[in-house]
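This report concerns only the one structure given below.
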Amino acid sequence: MITASEIYEKLLASYGQPRWWSDNPYIVMVQSVLVQNTAWASVEKVTDAFPKPLTPEYVVSLSTEELESLIRPCGFAKAKAATIRRLTEWYGGHNYHADKVMAVDQNLLRNELLQIKGIGAETADVILVYAFHKPSFIVDAYTRRFLDRMSFGFSSDDEIRIFFESGLYTNYQLYGWYHWLILEHGISCCRKTPLCDRCIFAPICNVSKHR
């Protein structure tokens, strides 16, 4: 069975050096909420169109209606606006200082994020990795689909996380790059209806073998 490290090397060779989310922790936080159940292109378009720089202070100054209006193209505006406000309030508890958040123990920090309504495991791990540089592997729908098609047979996200974290050196950047590579592969090849003829894993993929 192919290892986590071997998967990464094949993805890297195929798609090249992946992008990073953003160097601005608050932008990562807001975008991680907006991207839920919507396309990434819509998220970038919305945040780029904000009339002022996207800062927690600016978001706090907006009325609920104003925030909902700004993010409406991303869908679920009411729920996402409420989550962004709760997340911003949480960040305010750390005085909007990323360094203060980074000093918090990773498990404690993850639990804090998961206590915020609207923040699930995937969003929490995105925030941990890209905003606060904590090595917590991000498991999303693309990751689950890929591993299932490769016949790994994991029964939970915890098992998937252990597979990756035990098979790689512990590094938040590596985890972040890996997440983007899996995303790229999921969009390019491993779609709901897979494009196996262009897939680098076709020779060892269970789905490809039966097409």
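The values are calculated or read from the model by the stated rules, or taken from the named source; none is laboratory data. As the structure is a computational prediction, the values presented were derived from the model and not from experiment. Positions of Cβ are backbone-derived with ideal geometry, glycine not excepted, and every protein chain shown enters the neighbour counts.
Hey, can you tell me all the residues within segment 60-84 that are more than 19 Å from the chain's Cα centre (by Cα) and under 19 Å from Ala124 (Cβ atoms)?
Answer for segment 60-84, where residues must be more than 19 Å from the chain's Cα centre (by Cα) and under 19 Å from Ala124 (Cβ atoms): just Ala82.
Mind checking which residues of segment 119-137 are among the basic types (Lys, Arg) and farther than 19 Å from Ser166 by Cα?
At the first step, the residues of segment 119-137 found to be among the basic types (Lys, Arg) are 134.
Matches in segment 119-137: none.
Regarding Glu112, is this residue in a helix (DSSP H, G or I) and over 30 Å from Phe164 (Cβ atoms)? Quick ask: steps written out before the conclusion?
Details: in a helix (DSSP H, G or I): yes; over 30 Å from Phe164 (Cβ atoms): no.
Taking the combined requirement at face value, the residue does not satisfy it.
Which numbered condition in (1) in contact with a Pro (Cβ under 9 Å, 6 or more places away or on another chain); (2) of a type in the set (Phe, Trp, Tyr); (3) in contact (Cβ under 8 Å) with a residue 60 or more places away in the chain is the only one that Tyr175 fails?
Failing condition for Tyr175: (3).
Name the residue, out of Thr123, Thr38, Thr55, that is of a type outside the set (D, E, K, R) and either buried (at least 18 other Cβ atoms within 10 Å of the Cβ) or closer than 30 Å to Pro203 by Cα (or both). Don't jump to the end; show me each part of the working.
Working: Thr38 fails: either buried (at least 18 other Cβ atoms within 10 Å of the Cβ) or closer than 30 Å to Pro203 by Cα (or both); Thr55 fails: either buried (at least 18 other Cβ atoms within 10 Å of the Cβ) or closer than 30 Å to Pro203 by Cα (or both).
Of the residues listed, the single one that is of a type outside the set (D, E, K, R) and either buried (at least 18 other Cβ atoms within 10 Å of the Cβ) or closer than 30 Å to Pro203 by Cα (or both) is Thr123.
Among Trp20, Trp90, which is the only one that is closer than 26 Å to Gln173 by Cβ and surrounded by fewer than 14 Cβ atoms within 10 Å (Cβ to Cβ)?
Numbers: Trp90 fails: surrounded by fewer than 14 Cβ atoms within 10 Å (Cβ to Cβ).
Within the list Trp20, Trp90, the selection yields Trp20.
If Ile7 passes every condition in (1) assigned to a loop (DSSP other than H, G, I, E, B); (2) modelled with pLDDT of 95 or more; (3) of a type in the set (Val, Ile, Thr) but one, which one does it miss?
(1)
Got a sec? Which of Ala77, Ala98 is buried (at least 16 other Cβ atoms within 10 Å of the Cβ), in contact with a helix residue (DSSP H, G or I) (Cβ under 8 Å, 6 or more places away or on another chain) and farther than 21 Å from Ser136 by Cα?
Result of the check over Ala77, Ala98: Ala77.
Got a sec? Which of Thr193, Thr123, Thr143 is assigned to a loop (DSSP other than H, G, I, E, B), out of contact with any strand residue (DSSP E or B) (no Cβ under 7 Å at 6 or more places or on another chain) and not aromatic (Phe, Trp, Tyr)? Quick ask: steps written out before the conclusion?
Numbers: Thr123 fails: assigned to a loop (DSSP other than H, G, I, E, B); Thr143 fails: assigned to a loop (DSSP other than H, G, I, E, B).
The match here is Thr193.
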